1. Could you pull out every residue, at least 5 positions away or on a different chain, whose amide H is within less than 5 Å of the one on S243? Hs are placed 1.01 Å off N in the peptide plane, and Pro or chain starts have none.
2. Extension gain K136-K335, at 0.36 nm per residue separation less the Cα-Cα distance, in nm?
3. Return the long-range amide H neighbours of H47 (sequence gap of 5 or more, or a different chain), with a cut-off of under 5 Å between placed amide H atoms.
4. For the chain, find the longest principal axis of its Cα atoms and tell me its angle to the long axis of helix 162-181, 0 to 90°, nearest 10.
5. Helix 329-343 sits at what angle to the longest principal axis of the chain, using alpha carbons and giving 0 to 90 degrees rounded to 10?
6. In the neighborhood of S185, defined by Cβ-to-Cβ distances under 14 Å, what is the net charge if each Lys or Arg adds +1 and each Asp or Glu adds -1?
7. For region 362-367, take each phi angle, set θ = phi - 60°, evaluate the Karplus expression 6.51 cos²θ - 1.76 cosθ + 1.60, and give the result in whole Hz per residue in order, putting x for glycine and proline.
8. Taking θ = phi - 60°, what integer Hz values does the Karplus form 6.51 cos²θ - 1.76 cosθ + 1.60 yield along region 136-141, in sequence order, with x for Gly and Pro?
Amino acid sequence: MSSANIASEKKNKDTSNVINQMSLFNHEQLVFCNDNNVGLKAIIAIHSTALGPALGGTRMWNYVSEQEAVTDVLRLSRGMTYKSAVAGINLGGGKAVIIGDPKKTKTEALLRSYGKFINNLGGKYITAEDVAMNSKDMEIIHAETKYVTGLPESMGGSGDPSPVTAMGVWMGIKASSKEVYGNSSLSGKKVIVQGLGNVGKHLIDLLAKENAQLFVYDIDSEKLKEVSKKHRVTVLSEGELYSADADIYAPCALGATVNSNTLEQLKVKIICGSANNQLADEDIHGRMVEEKGILYAPDFVVNAGGIINVYYELQGYNRERALTHAERIYDTTTKIFEIAKQQKLPTYLAANHLAEERINTIAKIKARI
Ligand code: NAD
């Protein structure tokens, strides 16, 4: 079902019913996993295998209700379908949640039991890291199933995905710059980078090479010291972050930073960064950025380097191939801007259209004998 039809469908269906919720977003399968011996309660959601096996991370979270866990896993797995489709890789969308407090209940036995459930799906779902899960946990799950990615390099895995993610974000920023300024060069452009973690620090390296003027902020003062030693940057205070006189805002810390409050302050012409779910409310703020004359490069398009990286892990990892694929994010972002202009859509909806078009056309080809 197209994203445009979902809102109207939602009004007509009882969404407290799980099967209704699945049909609303066209999910293929929802697997409830329980193992009393180890205290495992998990839900694996397979949204789509139209393009390939459903890949998406496992999140461990102390959900207050089963309904909350179901809603989250359905939403996140659908997001993975769109992310992989628009990234041009042959993966479907899936996600899993383990219900519980990771500090108290994440044990080797629980993870291995969970690995057995994944294995029983025979490769239809492939897992990876997400909130409260790390590469060590993936190693433990790997003892029970080969359908796991994000393994350490020492185990033949792809290791840290952030350099590939940063490459994709850089490409997104350059494509946005070409759209707004008619030139993809970032030399002299003023870029605010919020969050100097794994992705942010690699992004800064790429931007500095191009002689962009860098404005940075992180809640961790050590990270600010590190980056100031390495590059010429202007450190912003929390209060100055959104209102700084700049061309580009790259959110690389946390979600929902594009909201009514920050949009009042932002002076930039471009928003493009790695953080997931940047728009606090897609419908409201996706349109508001446009009204303010800001070009928004959809987060799930430009931060696809992480999924591209694990896709290449499945094929025998080669970092060069992953980086080369991430460079294509420039062309994809440009195409999304074209669709947005032609169809008069906010850019995040144009990205959904591009994903849906690829899913529909490739699924038809795959269906042929
Ligand atoms: P990270 O944890 O390494 O870095 C996040 C940084 O943001 C930290 O330095 C932290 O101190 C800082 N931070 C936290 N709250 C902040 C705040 N309120 N203001 C300013 N700084 C703040 O994470 P990462 O791997 O660099 O990922 C960054 C973002 O990109 C996350 O939203 C993540 O979900 C998303 N993402 C990452 C990847 C990847 O490959 N690592 C892939 C896709 C999406």
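1. Sorted by chain and number, the residues that satisfy this come to none at all.
2. 67.8 nm is the gain from fully extending K136 to K335.
3. E28, G93, G94, K95
4. 50 degrees
5. Relative to the chain, helix 329-343 is tipped by roughly 80 degrees.
6. Its environment carries a net charge of +2.
7. 6, 4, 5, 5, 5, 6
8. My calculation for region 136-141 gives 5, 5, 5, 4, 5, 4 Hz in order.
Quick note: the coordinates plus some simple rules give every number you see, no bench work behind them. Treat the numbers as computed from the prediction; the structure is a model and nothing was measured. Note that each Cβ is placed from the backbone with ideal geometry, even for glycine, and that neighbours are counted across all protein chains shown.
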